[in-house]
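Structure first, then comments.
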Amino acid sequence: MPAGLESDYLSAVDRLPSLSYLTMGDLENPGPAGVSLWKIEPTDPYCEALRTARELEIPVHFVDTIEPNYPSGWDRLPDPYCLHAIG
């Protein structure tokens with residue numbers, strides 16, 4: 001996860017099973033760079049990894065960067081649940 005989102009992301013994980021969204025950018029006027037959006041939900045592997053690490057007192061580090069001009073697109077890979085369900 002991107003550095004700088006630690007406190008907001010941890011707060012959102014503490015709210016689970018309630019869903020949360022973290023945004024970066026102006027939702028009403030996104031401009032050419034758009035808006036970054038992170039969905040915090042119980043089925044997300046990052047959320048589960050963070051929750052488990054905190055439970056086991058394992059340090060967690062947010063080390064990704066936020067790239068304003070990162071190209072958008074859809075991954076063609078199945079989501080983690082499909083990988084488990086389909087095999």
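The values are calculated or read from the model by the stated rules, or taken from the named source; none is laboratory data. Predicted model only: the values in this text are computed from it and were never measured. As a convention, Cβ positions derive from the backbone with ideal geometry for all residues, glycine included, and neighbour counts pool all protein chains shown. Protein only, heavy atoms only, side chains kept; ligands, DNA and RNA dropped before computing areas. Shrake-Rupley method; radii C 1.70, N 1.55, O 1.52, S 1.80 Å.
Find the residue count for region 3-24, including only residues that are open to solvent by 80 Å² or more (accessible area, probe 1.4 Å), out of contact with any strand residue (DSSP E or B) (no Cβ under 6 Å at 6 or more places or on another chain) and of a type in the set (D, E).
Qualifying residue count, region 3-24: 1.
So V13 ticks every box in (1) assigned to a loop (DSSP other than H, G, I, E, B); (2) over 22 Å from C82 (Cα atoms) but one. Which box is left unticked?
If we test V13 against (1) assigned to a loop (DSSP other than H, G, I, E, B); (2) over 22 Å from C82 (Cα atoms), just (1) comes out false.
Mind checking whether some residue in region 27-45 is in contact (Cβ under 8 Å) with a residue 40 or more places away in the chain and either at negative phi or not acidic (D, E) (or both)?
Looking only at region 27-45, we keep the residues that are in contact (Cβ under 8 Å) with a residue 40 or more places away in the chain, and these are none.
The answer is no, given that none of the residues of region 27-45 is in contact (Cβ under 8 Å) with a residue 40 or more places away in the chain and either at negative phi or not acidic (D, E) (or both).
Quick one: which of L27, L83, L37 is open to solvent by 70 Å² or more (accessible area, probe 1.4 Å), modelled with pLDDT under 90, among the hydrophobic types (A, V, I, L, M, F, W, C) and part of a loop (DSSP other than H, G, I, E, B)?
Criteria check complete, one pass: L27.
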